[in-house]
1. Quick check of the Kirkwood formula: for the stretch A:389-440, what is the inverse mean of 1/r over all pairs of different Cα atoms, in Å?
2. Report the charge-dipole magnitude of chain A in Debye, nearest 20, computed about the Cα centre from +1 at each Lys and Arg Cβ and -1 at each Asp and Glu Cβ.
3. What are the principal axis extents of the Cα atoms in the stretch A:110-165, in Å, biggest first?
4. Based on the Cβ-Cβ distance from residue A:268 to residue A:300, what FRET efficiency comes out when R0 is 25 Å, to the nearest 0.05?
5. So which of A:261/A:320; A:205/A:378; A:157/A:205; A:261/A:306 end up more than 20 Å apart by C-alpha?
6. Working from the alpha-carbon coordinates of chain A, get Rg over Rh, Rh being the Kirkwood radius.
7. Using a Förster distance of 35 Å, how high is the FRET efficiency between residue A:126 and residue A:352, based on the Cβ-Cβ distance and rounded to 0.05?
8. Excluding same-chain residues fewer than 8 positions from residue A:120, which lysines have a Cα within less than 21 Å of its Cα?
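All of the numbers you see were taken from the coordinates with simple rules; none came from a lab. Treat the numbers as computed from the prediction; the structure is a model and nothing was measured. When we count neighbours, we look across all protein chains shown, and the Cβ atoms used for this are built from the backbone with ideal geometry, even at glycine.
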Amino acid sequence: MIRKTPFHITPEQIKDYACEDADITFQLKKILEPEIEKPHLHHLFYDVEMPLVSVLKEIEQEGIAIDTAALTAFSKELDARLLTLDDEIKALAGEPFNIDSPKQLGEILFEKLQISSKAKKTKTGQYATSEDILQKHEHDHPIIGHILEYRQLRKLKSTYVDPLPTLCDPIDGRIHSNFMQTVTATGRLSSNNPNLQNIPVRSAKGREIRRAFVPRSSDFQLMAVDYSQIELRIIAALSQDPNMIAAFKSGHDIHAATAAKVFHTSIDEVTREQRSAAKAVNFGIIYGQSAFGLAQNLQISRTEAKGIIDAYFEQYGTIKTYMEKVIAQARELGYVETILKRRRYLPDIHSANAVVRGFAERNAINAPIQGSAADIIKVAMVAVQKAMSKEKLQSKMILQVHDELVFDVHVSEIERMQALVRTAMENAVSLEVPMEVEMKTASNWLEAH
DNA sequence: TCTCTGCTCAC
DNA sequence: CAAGTGAGCAGAGAC
């Protein structure tokens with residue numbers, strides 16, 4: 001099979017190859033830049049990125065099998081429902097219009113139907129009609145609920161259900177995505193043609209698409225293995241915050257443990273709301289979120305949000321210190337780095353424009369966390385592949401989704417694979433907090449979660 | 001045909 | 001001002 005990306009070469013061949021092929025020279029340069037000959041990048045480049053080239057090559061060549069009949073049936077189901085919704089929406093609007101046009105939709109909602117007196121506009125002056133805005137008006141007019149459902153089903157059909165069967169290779173019937181190694185700013189992989197890193201999982205209807213991702217034959221099963229809370233564990237390790245490290249070492253549910261600390265209660269008495277607020281703060285921390293952002297996310301007042309954040313940093317004070325330190329480092333050195341010394345340069349950290357500077361500061365906080373997670377799973381992938389080949393297994397690694405690896409496992413090898421993958425992933429790096437994985441094996445990707 | 005915009009899917 | 005990293009779709013308008 002001919003790959004679309006130039007990874008069908010061994011690390012040993014890569015330098016010669018680079019001279020001949022403009023594309024891979026360009027890609028390599030991006031990995032190498034700006035200072036590959038300096039010692040700090042040797043380990044990352046020669047022991048992680050270069051060996052990963054052949055791991056990705058195999059993943060891409062193996063591909064993943066798809067139940068196309070199931071997707072075709074689902075597509076017809078979606079069509080029928082979309083047709084009904086289309087009629088109902090136009091009837092409620094009192095005139096035909098293109099529901100897929102945010103411009104036309106905004107004019108119908110905010111001018112003709114006047115569902116709100118304080119309509120928000122986008123930067124180009126159109127009415128904003130995004131999901132979070134429509135949800136706020138869901139009870140103001142029956143058309144809103146219909147539009148939200150229409151948008152969801154349209155997305156599923158046009159992005160996943162219809163394109164996936166057409167992307168099956170005619171020879172082996174599998175989907176062969178590209179996993180790009182040199183695209184992102186943080187060191188993550190990206191996936192395209194098709195993107196297999198954003199297959200739906202959150203909504204009930206969307207999840208059904210995962211059911212169509214299946215093992216290659218009846219002798220195989222899909223095994224999904226994901227790192228548990230890897231980014232929060234990395235913050236704990238990078239910041240050396242004693243409270244968060246202790247929380248992870250105790251093995252408790254981290255969001256519940258955070259809620260117990262923030263709301264001064266025992267872990268058994270944490271309410272659902274408290275846990276969900278703590279979870280939102282934990283995620284917000286990773287992104288450099290403000291009180292304003294948290295307030296919007298949780299639909300609470302800014303004062304309440306600030307109270308929660310203050311209580312959070314009272315418990316996890318070292319995390320606050322760490323965040324200040326990493327921004328100061330970005331100002332001083334012009335870059336931040338991951339646990340494997342991967343750098344992200346942030347020239348905007350010196351911008352006179354506060355908005356631009358704010359972006360760079362959030363990048364400074366996020367890049368070491370997201371990038372270190374990428375470092376860890378890349379090390380694990382190389383280790384897993386090495387162990388699988390040493391044991392001469394016929395199981396295959398077939399997907400990477402940032403904190404998750406998916407394997408097509410021969411049924412006779414399930415137990416060996418479970419042990420091998422757990423060992424490789426949990427021991428990819430040694431940090432102050434344990435790296436834990438969760439794994440499940442089933443006859444499709446949905447049930448392997 | 002190409003590019004931009006707005007939106008929505010994932011981690 | 002205000003949550004990080006991506007990919008892909010349809011509409012809209014420039015060419």
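1. 12.1
2. 720
3. Largest first, the stretch A:110-165 extends 44, 28, 19 Å along its Cα principal axes.
4. Once rounded, the FRET efficiency stands at 0.55.
5. A:205/A:378
6. Rg/Rh: 0.98.
7. After rounding, the FRET efficiency stands at 0.70.
8. A:103, A:112, A:136
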